[in-house]
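Everything below concerns the one structure shown next.
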Amino acid sequence: MSKDTLKGFESLAEALSERLGVSRRKARLFLRALAEELQRALEEEGVVHLGSWGRFRVFRGKKGVRVVFRPGKPLREAFQQVR
């Protein structure tokens, strides 16, 4: 992981730790397991649906492989309000 990715990962783990009342270690373990499971599912299925959050999808083409996230309606609406 890059330094920026690690920094974001750690801040997310810290936020989960505080919100859920679990150790940072457990929050990091959860996030790593989630990331590994998403990667495994994308490799095997090519798409991961996250309910109303949206979906990840793998596109394979001449220029290589791309993974695209398409947010669901609640996230899209939340992003539009931020602007």
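The figures follow:
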| quantity | calculated |
| --- | --- |
| Environment charge at Arg28 (Cβ cut-off 12 Å; Lys +1, Arg +1, Asp -1, Glu -1) | +2 |
| Around Ala13: net Lys/Arg minus Asp/Glu count, Cβ-Cβ under 14 Å | +4 |
| Mean Cβ count within 10 Å, highest first, over the residues of peptides 56-66, 28-38 | 28-38, 56-66 |
| Calculated volume of the Cα convex hull per residue in Å³ (choose from (i) 74; (ii) 153; (iii) 142), label | (iii) |
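A short reminder: the numbers here are calculations on the coordinates, not readings from a lab. Given the structure is predicted, the values throughout are model-derived calculations rather than measurements. Virtual Cβ from ideal backbone geometry, glycine too; neighbours counted across all protein chains shown.
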